[in-house]
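Some notes on the structure that comes next.
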């Protein structure tokens, strides 16, 4: 097992297109919900336990070998806002391109052929983890971490927040990330017997609403 591949996959420098997305942080800043480090921490914790948990479950299931097309439909069902579905597919398309270069596999090639417009990022992430020889728990960790690291990095740019403060927030969320990854990996293990309904479907309606509002703004720094 090549566990070092997890570091590559979770590295913010991996060319997966995440630098152009804020994970809802820009909309929250615009709405006045994030004004400082305390607001960012609250936002990240909420995102981790809702959309982050759902993404981690899908990634873990893909890494465990579940049908990625079935999981992609499950991801659609768990993503109420059209703007977020579009962003997830855009990110998935870029991640798939990078993953096929880093860890070539027939599984990734098949998904690219079946979803030329892009599969959901969480599903691609899990399949990339599988292609890299990682476990479902590894994939869950990567997805859970991504759900908070993206907003934290974006808020540094949006509010000129001190990078040290953003890093400290991620460190304080470590136990929450452990918990979410474990829940997601356990749920993924039950999919073969219980179906995709076993996967988390936690939602964050305010993120959905703000994503649609953000997509309609004529001027914005981040795509989502």
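The values are calculated or read from the model by the stated rules, or taken from the named source; none is laboratory data. All values reported here derive from a predicted model rather than from experimental measurement. Positions of Cβ are generated from backbone atoms using ideal geometry, with glycine treated the same way; all protein chains shown enter the neighbour counts.
Could you tell me how many of the residues in region 103-118 are assigned to a helix (DSSP H, G or I) and under 19 Å from the mean Cα position of the chain (by Cα)?
At the first step, the residues of region 103-118 found to be assigned to a helix (DSSP H, G or I) are 106-114.
From what is left, the residues that are under 19 Å from the mean Cα position of the chain (by Cα) are 108, 111-112.
The number of residues fulfilling the criteria is 3.
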*Can you tell me which residue among 39, 126, 133, 92 is in contact with a helix residue (DSSP H, G or I) (Cβ under 9 Å, 6 or more places away or on another chain) and on the phi > 0 side of the Ramachandran plot?*
133
_Looking only at region 11-27, count every residue that is surrounded by 15 or more Cβ atoms within 10 Å (Cβ to Cβ), at pLDDT 85 or above and more than 12 Å from residue 152 (Cα to Cα) and tell me the total._
1
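Take residue 188 and tell me if it is modelled with pLDDT of 95 or more, surrounded by 23 or more Cβ atoms within 10 Å (Cβ to Cβ) and in a helix (DSSP H, G or I). Spell out how you get there, then give the answer.
Numbers: modelled with pLDDT of 95 or more: yes; surrounded by 23 or more Cβ atoms within 10 Å (Cβ to Cβ): yes; in a helix (DSSP H, G or I): yes.
Yes.
For (1) surrounded by fewer than 24 Cβ atoms within 10 Å (Cβ to Cβ); (2) farther than 20 Å from residue 60 by Cβ; (3) touching a strand residue (DSSP E or B) at 6+ places or on another chain (Cβ under 7 Å), each residue gets a yes or a no:
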| position | (1), (2), (3) |
| --- | --- |
| 96 | no, no, no |
| 109 | yes, yes, no |
| 120 | no, no, no |
| 133 | yes, no, no |
| 155 | no, yes, no |
*Quick check: anything in region 144-164 over 21 Å from residue 224 (Cα atoms), assigned to a helix (DSSP H, G or I) and touching a residue at least 24 places away in the same chain (Cβ under 8 Å)?*
no
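Scan region 163-175 and tell me whether some residue there is within 17 Å of residue 21 (Cα to Cα), more than 15 Å from the chain's Cα centre (by Cα) and crowded, with 16+ Cβ neighbours inside 10 Å. Working first, answer last.
Within region 163-175, the first condition is being within 17 Å of residue 21 (Cα to Cα), and the residues that meet it are 166.
Still in the running and more than 15 Å from the chain's Cα centre (by Cα): 166.
Now narrow it down to the ones that are crowded, with 16+ Cβ neighbours inside 10 Å: 166.
Yes, the conditions are met somewhere in region 163-175.
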*Filter result (in a helix (DSSP H, G or I) and either without any contact (Cβ under 8 Å) to a residue 60 or more places away in the chain or under 14 Å from the mean Cα position of the chain (by Cα) (or both)) within region 1-44*: 4, 7, 9, 10, 18, 19, 20, 25, 38, 39, 42, 44
_Taking the condition of being without any contact (Cβ under 8 Å) to a residue 60 or more places away in the chain and closer than 29 Å to residue 70 by Cβ, how many residues in region 165-224 meet it?_
11
_What's the total number of residues in region 76-92 that are surrounded by 19 or more Cβ atoms within 10 Å (Cβ to Cβ) and either free of Cβ contacts under 8 Å to residues at least 24 places away in the same chain or closer than 23 Å to residue 65 by Cβ (or both)?_
6
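Inspect region 200-208 for any residue being farther than 24 Å from residue 83 by Cα and at pLDDT 95 or above and give the result as yes or no. Don't jump to the end; show me each part of the working.
Initially, region 200-208 is screened for residues farther than 24 Å from residue 83 by Cα, giving none.
No, every residue in region 200-208 fails to be farther than 24 Å from residue 83 by Cα and at pLDDT 95 or above.
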*Scope region 63-72; condition within 17 Å of the chain's Cα centre (by Cα) and free of Cβ contacts under 8 Å to residues at least 60 places away in the same chain; matching residues*: 68, 72
*Show the residue pairs that are 6+ apart or on different chains and have beta-carbon atoms under 7 Å apart, the first residue being within region 100-123 and on the phi < 0 side of the Ramachandran plot, the second being surrounded by 19 or more Cβ atoms within 10 Å (Cβ to Cβ) and not in a helix (DSSP H, G or I).*
103/132; 111/119
*Among (1) assigned to a helix (DSSP H, G or I); (2) in contact (Cβ under 8 Å) with a residue 24 or more places away in the chain - the single one residue 134 does not satisfy*: (1)
